[in-house]
Amino acid sequence: MSQASAAPGALRGGPRLLERLEGLAMMAMALAFVWFATVPPFNGNLFALLLLFFAPDLSLLAYLAGPRIGAIVYNAAHTYITPFALAAVSFKLLALPAFSFAILWIAHIGFDRALGYGLKYASGFSDTHLGVIGGASKRSE
């Protein structure tokens, strides 16, 4: 097993590549939808779009409480479940700003997956389901 997939349970080979390509596709679709639909509150405002695109990364602050808490909070903010639920509810309620944020949140998760930033294990920020970030584990296994 290569060092790049040394995290416990990490994907490798073709499945890892497919997961990253799926993330890229999800990001492209979601960004195109938000940008070209000129969905409020953006209406072409690139600064607002970028600000909300990176908002899920505020979950990284939870790592200040340790790797276990950090992984729990980061994973909660980086799974598709919550933004898809928010999109469904806000679509039903015609709450367009919340719907827009949900779509950007989905785009952000796709972006992270495309870059290889997967869901985290409690063993440390670098250990993800897509392998070890940076290619080498900091653990001395």
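The values are calculated or read from the model by the stated rules, or taken from the named source; none is laboratory data. Values in this document were obtained by computation on a predicted structure and should not be read as measured data. Virtual Cβ from ideal backbone geometry, glycine too; neighbours counted across all protein chains shown.
Considering only region 94-101, I want to know if a residue exists there that is at pLDDT below 95, more than 17 Å from the chain's Cα centre (by Cα) and more than 18 Å from L52 (Cβ to Cβ). Within region 94-101 (the criterion being at pLDDT below 95, more than 17 Å from the chain's Cα centre (by Cα) and more than 18 Å from L52 (Cβ to Cβ)), the answer is yes, since at least one residue qualifies. Scanning region 110-134 for residues that are in contact with a Phe, Trp or Tyr (Cβ under 6 Å, 6 or more places away or on another chain) and at pLDDT 90 or above turns up just one, K120. Taking (1) touching a Leu at 6+ places or on another chain (Cβ under 8 Å); (2) modelled with pLDDT under 85; (3) closer than 13 Å to F101 by Cβ in turn, A48 satisfies each apart from (1). The condition of being within 29 Å of T128 (Cβ to Cβ) and at pLDDT below 95 holds for only one of L86, L31, L58, that being L31.
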